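The values are calculated or read from the model by the stated rules, or taken from the named source; none is laboratory data. Just so it is clear, the model here is predicted, and its values are computed rather than measured. FYI the Cβ positions are ideal-geometry reconstructions off the backbone, even for glycines, and counts take in every protein chain you see.
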Amino acid sequence: MSTVSTVTLRANTLAERLEQGALALAEFAGRLSDSEWQATIPKDGRKVGVVVHHVANMYPIEIQLAQTLARGEAVVGVTWDDVHAINAAHAKEKNDVTKQEALELLRHNSADAAAAIRALSDEELDRAAGLSLNDDAPLTCQFMLEDHAVRHSYHHLAAIRRALGQ
């Protein structure tokens, strides 16, 4: 793992954005009532609590895909149908997830994701390779991080807020 002195400004900035998003989601979710935690998000179909756990659950996968691009290797065979299947299976398995379980996983996995981002060099962030999720377009590791791991908590927090009228 990189030491603080070798963390690049770009990697640290990306990691901080991820941490800020995860913290905002955790703080908001931590204040929800039991009925809000169990509320279903319109158009999504999943419960609020399931979605909070989902964000945490996806960090390792999102980081792994970004690290693949960082090595200059293409991400192949991963489709949006795969993502939807993972999400559906997760929602079924974690339908009754507790707030404590989801928030603990969110804290743990977001810290691990931020540490993995901080370990990337600027050269690795700039590496591009085909990304099957995006029609095999050659996209950078940084794009993958920004569009997935970093954005994920912000995206779902906004949807949860809308669903709860907050």
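When you look at residue 55, is it under 27 Å from residue 115 (Cβ atoms), of a type in the set (Val, Ile, Thr) and touching a Leu at 6+ places or on another chain (Cβ under 7 Å), yes or no? Answer is yes for this residue. It is to be established whether one or more residues within the stretch 139-146 are under 19 Å from the mean Cα position of the chain (by Cα), surrounded by fewer than 17 Cβ atoms within 10 Å (Cβ to Cβ) and closer than 26 Å to residue 41 by Cα. Checking the stretch 139-146: at least one residue is under 19 Å from the mean Cα position of the chain (by Cα), surrounded by fewer than 17 Cβ atoms within 10 Å (Cβ to Cβ) and closer than 26 Å to residue 41 by Cα.
Among the residues of the stretch 48-84, the one identified as crowded, with 22+ Cβ neighbours inside 10 Å, of a type outside the set (Gly, Ala, Ser) and farther than 16 Å from residue 152 by Cα is 69.
Each residue in the stretch 49-65 was checked for being farther than 16 Å from residue 104 by Cβ and touching a Lys or Arg at 6+ places or on another chain (Cβ under 6 Å), and 0 of them qualify. Which of (1) in contact with a helix residue (DSSP H, G or I) (Cβ under 9 Å, 6 or more places away or on another chain); (2) modelled with pLDDT of 95 or more; (3) within 23 Å of residue 124 (Cα to Cα) is the odd one out, the single condition residue 29 does not satisfy? All conditions are met except number (3). The set of residues in the stretch 110-138 being out of contact with any Ser or Thr (no Cβ under 8 Å at 6 or more places or on another chain) and either crowded, with 19+ Cβ neighbours inside 10 Å or under 25 Å from residue 50 (Cα atoms) (or both) consists of 111, 112, 113, 114, 115, 116, 117, 124, 131.
Here is the figure for the stretch 1-42: residues that are in a loop (DSSP other than H, G, I, E, B), touching a residue at least 40 places away in the same chain (Cβ under 8 Å) and farther than 15 Å from residue 116 by Cβ total 4.
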